[in-house]
Amino acid sequence: MNRFLWPLVLVVGLVAFLVMGLRHGDPRALPSPFIGKPAPQFELPTLKNPEVTIGTQHLAGKYSIVNVWATWCVMCRAEHGFLMALSANDTIPIYGLNWRDSRPDAIRWLGELGDPYVASAYDADGRVGIDWGVYGAPETFLVDPEGTVVYKHLGPLDADIWQREFAARMTGGGTGQ
Amino acid sequence: MRRLLIPAAAALAVWPAWAIDQDRRFDDPELQARYETLISEVRCVQCQNQSIKDSNVTLAADLRREIARLIDEGRTDEEIVEFLVTRYGEFALYRPRATGKTLVLWIAPFLLVLFGGIALARVVRHRTSLPIDDEPAGKA
């Protein structure tokens, strides 16, 4: 009896381990080291007006999201409609981080598809992207009123993900503001 | 005309080399060696199974540039690794540091060998204590 018990326990353990690995979801999605930490400091010119800068201090005071996008990013186009809907009903201020893009292209894109962003920071050489640990657009960070990163999503946003991962993490009148 | 031929040929011969390596070169061979080691130990988080030395995606190029900048600033290897880990997590390192969460990665192989060894020893001892009752047939 004992002879067969040990291998059985081992196999069951191994299978449980593998199932956990499979259910983990997108294997490309890495846990962000910024969750629970203050949003990384930055100061960048805005996309539409290089004279005006935008920075971390603009994120404080209420829940906001920082959405990393670029015109070369196919999935950004896919989520754009949802971002437009999100900004249309004033759910949350959306800040853009236009990552490694060309300014004229990006402005044209917003002209054609609409601009859901309060403002987009223009990160031409990707320096701020590195400070935020960005490794693939689109990425979306949820920042709480204290300026702490609460959640990061890799890949396009949609209503389901919004409800499940973002709205659920906003407490104390976050949704209505 | 003749006099121009050799410089022209030399320039043509050098031409393709520009395309291959546009990366930073350090004058100091010691710094160059540190740079090469660092970039071969950092995972390209965008492509995940290449180091940023092997990868030519934009993020890998950006990270190489950042590492070169940090070396220029006189940062130590530890500081540069810390810079990467605070932004991208331990996953960005091909050789994760033996701390906290990654400790299991480091000790698991030794534990496996240990358990395997114990199991093997037990099986062997059990077998050697059995009476030898399977004399080769046909010898008797």
>> Quick check on my filter: what residues within the stretch B:71-84 are closer than 14 Å to residue B:37 by Cα and within 14 Å of chain A (Cβ to nearest Cβ)?
In response: B:80, B:81
>> Filter the stretch A:47-71 down to the residues that are under 17 Å from residue A:115 (Cα atoms), within 17 Å of the chain's Cα centre (by Cα) and of a type outside the set (Ser, Thr, Tyr) and list them by number.
In response: A:65, A:66, A:67, A:68, A:69, A:70
> Taking residue B:88 and the conditions (1) over 23 Å from residue A:152 (Cβ atoms); (2) surrounded by 14 or more Cβ atoms within 10 Å (Cβ to Cβ); (3) at pLDDT 90 or above, which numbered condition does it fall short on, given that it satisfies the others?
Replying inline: (1)
>> Residue under question is residue A:21, and the condition is that it be closer than 18 Å to residue A:96 by Cα, in a helix (DSSP H, G or I) and not hydrophobic (A, V, I, L, M, F, W, C); does it hold?
In response: no
>> Looking at (1) in the same structural domain as residue B:26 (by TED's automatic domain parsing); (2) more than 20 Å from the chain's Cα centre (by Cα); (3) farther than 27 Å from residue A:101 by Cα, which one does residue B:77 not meet, given that it meets all the others?
In response: (2)
> Only one residue in A:119, A:29, A:124, A:85 is farther than 23 Å from residue A:150 by Cβ and surrounded by fewer than 21 Cβ atoms within 10 Å (Cβ to Cβ), so which one is that?
Replying inline: A:124
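Listed here are the residues, each with its yes/no results for (1) at pLDDT 90 or above; (2) closer than 24 Å to residue A:128 by Cβ.
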residue	(1), (2)
B:12	no, no
B:17	no, no
B:25	no, no
B:37	yes, no
B:40	yes, no
B:43	no, yes
B:54	no, no
B:59	no, yes
B:73	yes, yes
>> Going by what's in this entry, would residue B:68 be described as at pLDDT 90 or above and surrounded by 16 or more Cβ atoms within 10 Å (Cβ to Cβ)?
In response: yes
> Has the stretch B:97-109 got any residue that is without any contact (Cβ under 8 Å) to a residue 12 or more places away in the chain, under 21 Å from residue A:124 (Cβ atoms), within 19 Å of the chain's Cα centre (by Cα) and not in a helix (DSSP H, G or I)?
Replying inline: no
> Can you pull out the residues in the stretch B:29-63 that are in a helix (DSSP H, G or I) and within 11 Å of chain A (Cβ to nearest Cβ)?
Replying inline: B:58, B:59, B:60, B:61, B:62, B:63
> Does the stretch A:151-164 contain any residue that is within 14 Å of chain B (Cβ to nearest Cβ) and surrounded by 21 or more Cβ atoms within 10 Å (Cβ to Cβ)?
Replying inline: yes
>> For the stretch B:91-120, which positions are within 11 Å of chain A (Cβ to nearest Cβ), over 17 Å from residue B:40 (Cβ atoms) and touching a helix residue (DSSP H, G or I) at 6+ places or on another chain (Cβ under 9 Å)?
In response: B:101, B:119
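The values are calculated or read from the model by the stated rules, or taken from the named source; none is laboratory data. Keep in mind that this is a model prediction, so the values were computed, not measured. Positions of Cβ are backbone-derived with ideal geometry, glycine not excepted, and every protein chain shown enters the neighbour counts.
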